[in-house]
Amino acid sequence: MAANRAEAATTLGASATATGRYFGAAIAASKLSDTTYTRILSTEFTSVTPENEMKWDATEPSRGTFNYTSGDRIVSQAQSNGQQVRGHALAWHSQMPGWAQSLSGSTLRSAMLNHITNVATHYKGKIYAWDVVNEAFADDGQGSRRNSSLQQTGNDWIEAAFRAARAADPGAKLCYNDYNTDGVNAKSTAVYTMVKDFKARGVPIDCVGFQSHLGTGVPGDYQSNLQRFADLGVDVQITELDVAQGGNQASIYGTVTKACLAVSRCTGITVWGIRDSDSWRTGENPLLFDSSGNKKAAYTSVLNALNAGSGGGGGGGGNGGTGCTATVTPGTVWGDRYNTSVTVSGASTWTVVVTMTAPQKITSTWNGTATWDASGNVMTMKSNGSGAAFGFTTSFNGNTTARPQISSCTGS
Ligand code: XIL
């Protein structure tokens, strides 16, 4: 633990982990051979989002023919770095393949549901949270739904998408994700109303993503907007953060980071790229590393905010905790791997240490924030506000008999 704390001062990922959260980046499969890129990626981040590789046009280029090559490359790179993966995005009016753009009505509806089922099934057990539906609301100041071919299949298309995703991968958190929802406004309030309705009617939704593509300012009610969603009983995440370079870039990054830390159900932050040269906002230099891979003032601002923060997510990692009980329930077993779930009783904020037997290796986890010792065999899992149970997938690597051991359970 001392090592973890020392490390917490020096990387975004470790500092976020100390608060019970992840710190992620959107990444591109095509850049994984760039050594500066991969050095920063493996050092600084505990979560990744494929920038384009899991979108509809990438994963189903022709109807019924699925291509997971680039998405799989990102997942396996993340697993070897011990990073969790945010899946992005199952249903979205943009980056639809040409064949789907030409469909409408019930044909489009069933193509969309089939797409969700296939992609979420392919990645089952490997995705921490999916952006199930992306950008479904309009910017008209009225809180209307976006007028898209998906919307024209019927107003219930969003809940149909969430139900299909839940059926395909019950272990993934299911998020609604959008932009211009970063303060209290007509659009965010329309999303809020939808989420409230979904929770009331039992439509499966676990989280709301706030893209946070910001210009030269941040809404004054950014934190209270996050909090009002959290109060509906969903996690909130900052999913695509980038901020135009200008006088306030570093302080805006700091403000956003502090806002997440102040909301206990804000489970993590993802920046939309690593270096300025990787950004989709060409010329705006909106990221934390410059084009040569050097840390910018914005980086320091985020790191300082993370290191000052605590509470929330999984708690601040303080000592003097109380006891709790962690109960193991074996899950699905496949030829090469198996799942385990662990239920914690006696504390709502907890740290569970799980010891594995090499050469078995945990390849993905859910509903908690994991860190590892140097051997890679001892996982420290902290609650992240998702409840009393966490889980993980272990690959056998030749040993099919060993099973995880609970070494400790500490409540706080
Ligand atoms: C962007 C990618 O960064 C670009 O590479 C791509 O050309 C277009 O999409 N909202 C989203 C993201 O949800 O998927 C978008 O990503 C940025 C806006």
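The values are calculated or read from the model by the stated rules, or taken from the named source; none is laboratory data. Note that this is a predicted model, so its numbers are computed, not measured. Counting neighbours? That spans all protein chains shown, and the Cβs are built from the backbone with ideal geometry, glycine included.
Things worth noting here:
- Flag if residue 138 is surrounded by fewer than 19 Cβ atoms within 10 Å (Cβ to Cβ) and within 16 Å of the ligand (Cβ to nearest atom): yes
Here is a yes/no grid of residues against (1) under 29 Å from residue 255 (Cβ atoms); (2) away from the ligand (no atom under 16 Å from the Cβ); (3) touching a residue at least 40 places away in the same chain (Cβ under 8 Å):
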{"site": "112", "(1), (2), (3)": "no, yes, yes"}
{"site": "130", "(1), (2), (3)": "yes, no, yes"}
{"site": "133", "(1), (2), (3)": "yes, no, yes"}
{"site": "148", "(1), (2), (3)": "no, no, yes"}
{"site": "153", "(1), (2), (3)": "no, yes, yes"}
{"site": "162", "(1), (2), (3)": "no, yes, yes"}
{"site": "181", "(1), (2), (3)": "yes, no, yes"}
{"site": "195", "(1), (2), (3)": "yes, yes, no"}
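- Residue check for residue 270: modelled with pLDDT of 95 or more, within 16 Å of the ligand (Cβ to nearest atom) and among the polar types (S, T, N, Q): yes
- Tally of residues being closer than 20 Å to residue 177 by Cα and over 16 Å from the mean Cα position of the chain (by Cα) across region 264-285: 3
- Options 235, 276, 290: the member that is buried (at least 22 other Cβ atoms within 10 Å of the Cβ), among the charged types (D, E, K, R) and away from the ligand (no atom under 14 Å from the Cβ): 235
- Test: residue in region 105-122 that is under 23 Å from residue 210 (Cβ atoms) and surrounded by fewer than 23 Cβ atoms within 10 Å (Cβ to Cβ): no
- Count of residues meeting criterion [buried (at least 19 other Cβ atoms within 10 Å of the Cβ) and assigned to a helix (DSSP H, G or I)] in region 199-225: 3
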